[in-house]
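Worksheet for the structure shown next.
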Ligand SMILES: Cc1cc2nc3c(=O)[nH]c(=O)nc-3n(C[C@H](O)[C@H](O)[C@H](O)COP(=O)(O)OP(=O)(O)OC[C@H]3O[C@@H](n4cnc5c(N)ncnc54)[C@H](O)[C@@H]3O)c2cc1C
């Protein structure tokens, strides 16, 4: 055995300090996460339900103990049956941080879904659920770097928090959103999307808009904008969409260490 | 207990194989990596073990395949709440690599790192004793890239974020050095049977 096969982290680790392998893909987290908030369950009271599309609704909660979040973060939500059985799932936070003790989630109605099924068939204002978070600093966007946001289906949820934050704070930093939906009636937040948004429809589209998958041609004009400091890309959706979109970004020259991906499993 | 009005949940299946708060994902195998899936050919794959060891060493694909074959058949558990039963991975037991580098007595922890730069930290005791593998086969087939192929770390008795995809190496240390998710609020050990999801659990 020789030492000819040099792994990326061949360079000696610093004797103290954080271990960081010298590899070209490393994507550091954006913010530190508070461990106590991440581990304590708190009650959230449903205050409002708004239909977004035939399959998705927004659920607004009052969460008095909510410590605040950054756009892009998610939480863990737990439902408990009267025999103590629990079901817990992750949900992205749809609302912007400054929302006066409220948070909003947007849930697809998954066929046979245990948690999303309860929300779409049983939940009413006044109901209480438990949440903990915010979780993960990786997909967070503090509003600092130019943001290129690409989402499909309910993958637009954490990206909408970023768009809302950008608007609410009147930020100057460039922000672009690309959303993919099967059809116009399935496009979540359709009325809220503005000039920053490129819409992609995969099954049916409004008159004059082509039908088709997200492609290089959608991304080229956005990447050509080359904002100062470069785009930080945030990709969110099913694994299939995330693989497709991230590959298009890499092929178009976006550095891999400036692509953050949230897969809804 | 905070009972949710009108929530009954799925029929209870008494399943001793299911850790608390987990559900059986059946045939699904969700992918949850946070980075771009790398385009890494077996010929470009290497695996290194260094740090507090007497003989640091790097294996390439062919050299790693000369070590004794070993398989894991059992269950895996993801922190996002799904578990997958009866999976079958093939590769080499990590003990075979560790025997070659001879860890020093002072080594207590390891950082596993990927060819993507992903890192995760583990107590060394969780990587020894026939409980951890370098895996390159799933169900008798080459491990798919989105699941960590050509080769991933496999530590099935801990939550699956510890099983670093596209494994590039292990560095043995005398202290815990939080990795990617551990720095993002997740638990240092991640034992699903004690539901150690987040730091503080
Ligand atoms: C970081 C993150 C963020 C997310 N954000 C969002 C979001 O903003 N909005 C959103 O809508 N979703 C989001 N998700 C997905 C969400 O966590 C859930 O996976 C989703 O709501 C489905 O949960 P469920 O309980 O309704 O369905 P589940 O009960 O989990 O079912 C999912 C599928 O598996 C089948 N299934 C699973 N277990 C069984 C079983 N035991 N028996 C029979 N069938 C079964 C169901 O039939 C269904 O087809 C996110 C996921 C992650 C990881």
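The values are calculated or read from the model by the stated rules, or taken from the named source; none is laboratory data. As the structure is a prediction and not an experimental result, all values here were calculated from the model. Here the Cβ positions follow ideal geometry from the backbone for every residue, glycine too, while neighbour counts run over all protein chains shown.
List of remarks:
- Checking the stated criteria, residue A:20 turns out not to satisfy the condition of being touching a strand residue (DSSP E or B) at 6+ places or on another chain (Cβ under 7 Å), in a loop (DSSP other than H, G, I, E, B) and either at pLDDT 95 or above or within 11 Å of another protein chain (Cβ to nearest Cβ) (or both).
- Residue selected from the range A:60-75 under the condition more than 10 Å from the ligand (Cβ to nearest atom) and assigned to a strand (DSSP E or B), by the criterion farthest from the other protein chains (Cβ to nearest Cβ): A:60
- Among the candidates A:48, A:3, the residue that is outside the structural domain of residue A:232 (by TED's automatic domain parsing), surrounded by fewer than 21 Cβ atoms within 10 Å (Cβ to Cβ) and modelled with pLDDT under 70 is uniquely A:3.
- Residue ID - nearest to the ligand (Cβ to nearest atom), chosen from residues in the range B:60-80 that are under 24 Å from residue B:33 (Cβ atoms) and within 12 Å of another protein chain (Cβ to nearest Cβ): B:80
- Across the range A:216-245, the number of residues qualifying as in a loop (DSSP other than H, G, I, E, B) and over 24 Å from residue A:145 (Cα atoms) comes to 1.
- Of the residues A:240, A:230, A:253, A:215, the single one that is within 16 Å of the ligand (Cβ to nearest atom) and surrounded by fewer than 17 Cβ atoms within 10 Å (Cβ to Cβ) is A:240.
- Any hit, the range A:191-203, residues being within 16 Å of the ligand (Cβ to nearest atom) and crowded, with 22+ Cβ neighbours inside 10 Å: no
- Counting only strands (runs of 3 or more DSSP E) wholly contained in the range A:76-142, the ones carrying 1 or more residues that are within 13 Å of the ligand (Cβ to nearest atom) and under 20 Å from residue A:32 (Cα atoms) occupy A:86-92, A:128-135.
- Residue pairs whose Cβ atoms lie under 6 Å apart, sitting 6 or more positions apart in sequence or on different chains, and linking a residue in the range A:102-118 that is within 23 Å of residue A:182 (Cβ to Cβ) and more than 14 Å from chain B (Cβ to nearest Cβ) to a partner that is at pLDDT 95 or above and near the ligand (Cβ under 6 Å from one of its atoms), are A:105/A:91; A:106/A:157; A:107/A:116; A:108/A:154; A:109/A:116.
- Just one residue in the set A:132, A:167 is away from chain B (no Cβ under 14 Å) and either within 24 Å of residue A:186 (Cα to Cα) or surrounded by fewer than 23 Cβ atoms within 10 Å (Cβ to Cβ) (or both); that residue is A:167.
- Within the range B:177-192, being more than 8 Å from chain A (Cβ to nearest Cβ), free of Cβ contacts under 8 Å to residues at least 60 places away in the same chain and crowded, with 24+ Cβ neighbours inside 10 Å holds for one residue alone: B:187.
- Condition met for residue A:235 (touching a strand residue (DSSP E or B) at 6+ places or on another chain (Cβ under 6 Å), loosely packed, with under 14 Cβ neighbours inside 10 Å and outside the structural domain of residue A:106 (by TED's automatic domain parsing)): no
- Residue selected from the range B:22-59 under the condition in contact with a helix residue (DSSP H, G or I) (Cβ under 6 Å, 6 or more places away or on another chain) and within 7 Å of another protein chain (Cβ to nearest Cβ), by the criterion surrounded by the most Cβ atoms within 10 Å (Cβ to Cβ): B:36
- Each residue in the range B:27-52 was checked for being within 12 Å of the ligand (Cβ to nearest atom) and either more than 30 Å from residue A:236 (Cβ to Cβ) or part of a strand (DSSP E or B) (or both), and 0 of them qualify.
- Within the range B:109-201, strands (runs of 3 or more DSSP E) holding 1 or more residues that are closer than 23 Å to residue A:259 by Cα: B:109-114, B:119-123, B:152-154, B:167-173
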